[in-house]
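A.B. asks: Shown below is the structure under consideration.
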Amino acid sequence: MKIEDILSPELVLPDLNARTKVDVLVELATAIARRHPEVDRERLVQALEDRERLNSTALGEGVAIPHGKLPGIKRVFAAFARSRQGVDFQSLDGEPTHLFFLLVAPEDSAGAHLKALARISRLLKDDSFRARLMQAPDAHSLFETIQQEDARY
C-alpha cells in the first residue's frame, strides 16, 4: 500500500489551528469528512477519542498517528497535518507533537489498517524525513515530500 493511495493533496494541512489533543482530532476529522462525505464526522471524532483513551497514538519524536475504524466506509483514508508550535498529545517522550498522520479504516479491515499504520510508522521514523516535513513551506510541498519518501520503499 502506497501513501498516495490513501492520502489526497486536499487532506494535507500545513498549519493546524488546534492547540489541544481533542481539537487536533476534531480538525482532522472535519477535513476527512469534508473530502469524504460517507464519513460521519461525529462518529469519527468519537472513534478517535475512544482509541486515544486506550493509549496515546503519539509515538514520540514529534509524531502521532491517530487512527480509528468506522462502519460504512469502503477503504482506508488518511489526512496529514503539521503543527509548527506543537501540541501536547501525551507523547511517550513527553515532547510536543508536530506531525499528525490520521488514519480511518473500515470497521472490518484489520489487514489494510495495519499495513497503513506500519508503512506510515516506518516513514516517520526517519529523522531527515521528519525534518523535511517541518521545513516544507506549504501543503503542496508537504504532499510532494511525502510522495518522494513513499516512493523510496
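A.B. asks: Have a look at the DSSP beta bridges in the chain and tell me what percent are antiparallel, nearest 5.
C.D. replies: Restricted to the chain, the bridges split so that about 55 percent are antiparallel.
A.B. asks: Only helical DSSP H runs with n ≥ 4 go in: add -39500 (n - 2.57) per run for the chain, normalise by residue count and round the 222 nm mean residue ellipticity to 500 deg cm²/dmol.
C.D. replies: For the chain, the value works out to -13500 deg cm²/dmol.
A.B. asks: Same structure, new question: Quick check: convex hull of the Cα atoms in the range 19-109, volume per residue, rounded to a whole Å³?
C.D. replies: Dividing the Cα hull volume of the range 19-109 by its residue count gives 82 Å³.
A.B. asks: Of all the accessible heavy-atom surface of the chain, with the other protein chains kept in place and a 1.4 Å probe, what percent is carbon and sulfur?
C.D. replies: Carbon and sulfur: 50 percent of the exposed surface of the chain.
A.B. asks: Need the full-extension length gain, Arg75 to Glu107, defined as separation in residues times 0.36 nm minus the C-alpha distance. One decimal, nm.
C.D. replies: The Arg75-Glu107 span can extend by a further 10.6 nm.
A.B. asks: Right, something else. What is the local net charge at Ala64, summed over the other residues whose Cβ is closer than 14 Å to its Cβ (Lys, Arg +1; Asp, Glu -1)?
C.D. replies: Values: positive: Lys21, Arg51, Arg82, Lys125, Arg130; negative: Asp23, Glu27, Glu49, Glu52, Glu61, Asp88, Asp93, Glu95.
Value of the local net charge: -3.
A.B. asks: Next question. If amide hydrogens are placed 1.01 Å from N in the peptide plane, which non-local residues have theirs closer than 5 Å to the one on His67?
C.D. replies: Long-range HN contacts for His67: Leu103.
A.B. asks: Aspartates and glutamates near Lys74 by alpha-carbon distance under 20 Å, same-chain residues fewer than 8 away left out - which ones?
C.D. replies: The qualifying aspartates and glutamates are Glu4, Asp5, Glu10, Glu38, Asp40, Glu42, Glu107, Asp108.
A.B. asks: Oh, and also: Quick one: net charge of Gln147's neighbours, Cβ under 14 Å, K/R +1, D/E -1?
C.D. replies: It works out to a net charge of -1.
A.B. asks: Going by average Cβ neighbours within 10 Å, how do the peptides 142-153, 52-63 rank, with the highest at the top? Provide the component values of the computation, followed by the final result.
C.D. replies: Numbers: 142-153: 15.7, 52-63: 17.2.
Going by the mean number of other Cβ atoms within 10 Å, highest first, we get 52-63, 142-153.
A.B. asks: Could you report the range 54-153's accessible area per residue, 1.4 Å probe, as an integer in Å²?
C.D. replies: 47
A.B. asks: Which of the helices in the chain, when you take each full DSSP H run, stretch at least 24 Å along the axis at their Cα atoms and have an average Kyte-Doolittle score of 0.5 or higher? Walk me through the numbers before you get to the answer.
C.D. replies: On the way: long enough: none.
TM-like helix candidates: nothing returned.
A.B. asks: Here's another thing I want to ask about it. So if the hydrodynamic radius of the chain is defined as the Kirkwood radius over C-alpha pairs, what does Stokes-Einstein give as its diffusion coefficient at 25 °C and 0.890 mPa s, in µm² per second?
C.D. replies: 162
A.B. asks: In 5 Å bins starting at zero, report the fraction of Cα pairs in the range 102-153 per bin as a rounded %.
C.D. replies: Over the range 102-153, the share of Cα pairs per 5 Å bin runs 4, 19, 24, 22, 16, 10, 5, 0 percent.
A.B. asks: OK, next. What is the extension gain from Glu95 to Asn55, computed as 0.36 nm multiplied by their sequence separation minus the C-alpha to C-alpha distance, in nm to one decimal?
C.D. replies: 12.8 nm
A.B. asks: Grab the beta carbon distance between Glu38 and Gln147, set R0 = 41 Å, and tell me the FRET efficiency rounded to 0.05.
C.D. replies: FRET efficiency, Glu38 to Gln147: 0.95.
The values are calculated or read from the model by the stated rules, or taken from the named source; none is laboratory data. All figures in this text were calculated on a predicted structure; none of them were measured in a lab. Cβ sites come from the backbone with ideal geometry, for glycine too, and all protein chains shown count toward neighbours. These area figures cover heavy atoms from the full protein model, side chains too; ligands, DNA and RNA do not enter into them. Shrake-Rupley method; radii C 1.70, N 1.55, O 1.52, S 1.80 Å.
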